[in-house]
Each structure stands twice: as structure tokens, then as C-alpha cells.
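Have a look at the structure below before the remarks.
The values are calculated or read from the model by the stated rules, or taken from the named source; none is laboratory data. The structure presented is a predicted model; accordingly, all values stated were derived computationally and were not measured. No Cβ is skipped: glycine too gets one built from the backbone with ideal geometry, and neighbour counts run over all protein chains shown. Ligands, DNA and RNA are excluded from the accessible area calculation, which covers all protein heavy atoms including side chains. Shrake-Rupley method; radii C 1.70, N 1.55, O 1.52, S 1.80 Å.
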Amino acid sequence: MTLATARLCDAYAQEAHFQIVEPLFKSYGAHPVFWGRISTLKAFEDNVQIKTVLQEKAEGRVLVVDGGGSHRCALIDFELASLAVDNGWQGLLIYGCVRDTARLAELPIGIRALHAHPLQSHQRNQGDHDLPITFAGVNFKKDHFLYADHDGIVVSDRLLS
């Protein structure tokens, strides 16, 4: 599938199932264009559950993490992003920060996050997996679809062509 979020907006923006993510996110992975079925995780300043989820085989999926928009530590680093690549994840959308950005840029995965931060997150093993989460003006739900490219990020409750 050739992806262009602008064309998706032209075709679907007036439909109720279609949402456009506020333009808050920077691209960090080697693949700025990606799409897939959503898995969600709510994890504030704690990446233990993120690692657990990324250990799952996930061909064609995108992990959407509600990190509360925290700018006090990074939820994703090179090790976790490499784990995502190894297990077939197509992308990561992080409402929080990442680190190891020079190395992330070499990985064949889409990564969007608010900013970079050098401090590693806490290790408390707290988080909620595959529950609806809301940030950046969008309601993210398990098994909905996320599409990202240079122009932005859109979400739909069904597969778009």
C-alpha cells in the first residue's frame, strides 16, 4: 500500500470513524512512513510494560503509548526499539520522549514521539494494555488503524485503501 495521509484525508475526513492526530510528534525511526493495526498501552514514566508488549510477535501492528506527555524521562531507547523491530512491529507512537536518537534513526521502524530526553524511565512495572487511550485530540483503540507519513498521523476504526 502506498500511503499518503493527505489523500486519506481527502477521501475520509468527513466520516465519523476518521481522526487526525494533532501535529505534536517528531519522527525518530528510519521509516517515517508506516501504518498498522493499533495496540495501546498507558505507562507513565515506566517502560517495563512497554518491553513486555514489544516482546510479543506483532506483524503489522503499531504500538501507541500514552506516556502522559511527560518530558522528564524517555520511554523508548535503542534496546526497546530493536526489540520492536525483531518482533515485527511496524511503528511506535509515544506520547512522551525517546532517547538514543542517533541510533533510533538507523532502525527500520517508524517511531514518533514528542521529544528526546537522555534519562531512562523508571522500572515500576505499571501500565494498562489494550485499553482505550486519548491524547493529541484522538481516541486510540485496540485494533483500529494508524497511518503515518511526512504530513501527519491519522487513525481510523477500519482499514482504509
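Nearest-5 percent of antiparallel DSSP beta bridges in the chain? Around 50 percent of the beta bridges assigned by DSSP in the chain are antiparallel ones. Label zone (Leu159, point 7 Å along Cα-to-C-beta; backbone nitrogen cut-off 17 Å) within the stretch 2-30: 2-4. Between Gln120 and Ile20, the contour length at 0.36 nm per residue exceeds the alpha carbon distance by 33.0 nm.
Considering only Cα atoms, the convex hull volume of the chain works out to 92 Å³ per residue. Shown in residue order for the stretch 73-79 are the 3J(HN,Hα) couplings computed by the Karplus curve 6.51 cos²θ - 1.76 cosθ + 1.60 at θ = phi - 60°: 6, 9, 8, 10, 10, 4, 4 Hz (x for Gly and Pro). Our estimate of slack between Ala105 and Ala11, defined as 0.36 nm per intervening residue step minus the Cα-Cα distance, is 30.7 nm.
Rolling a 1.4 angstrom probe over the stretch 54-142 with all protein chains present gives an accessible area of which 47% lies on carbon and sulfur atoms. Amide H contacts under 5 Å for Arg124: Asn47, Val48, restricted to partners 5 or more places along the chain or on a different chain, H placed in the peptide plane at 1.01 Å from N. One quarter of the surface of the convex hull around the alpha-carbon atoms of the stretch 99-154 equals 5.5 nm², the direction-averaged projected area.
Give the residues of the stretch 72-93 whose amide nitrogen is closer than 20 Å to a point set 7 Å from the Cα of Glu56 in the direction of its Cβ. Counting backbone N atoms under 20 Å from the label point, the list is 75-77, 80-93. Taking a point 7 Å out from the Cα of Val33 in the direction of its Cβ, the residues of the stretch 66-98 whose backbone N falls within less than 18 Å of it are 90-92. Taking the average, over residues, of other Cβ atoms within 10 Å as the packing measure, peptides 27-33, 88-94 rank 88-94, 27-33 from highest down.
Count Lys and Arg as plus one, Asp and Glu as minus one, and take only other residues whose Cβ is under 14 Å from that of Glu56; the net charge is then +2. Helix-only arithmetic for the chain: the sum of -39500 (n - 2.57) across DSSP H runs with n ≥ 4, divided by the residue total, places the mean residue ellipticity at 222 nm at -4500 deg cm²/dmol. Here the stretch 68-136 yields Rg over Rh of 0.94, to two decimals, using C-alpha coordinates and the Kirkwood radius.
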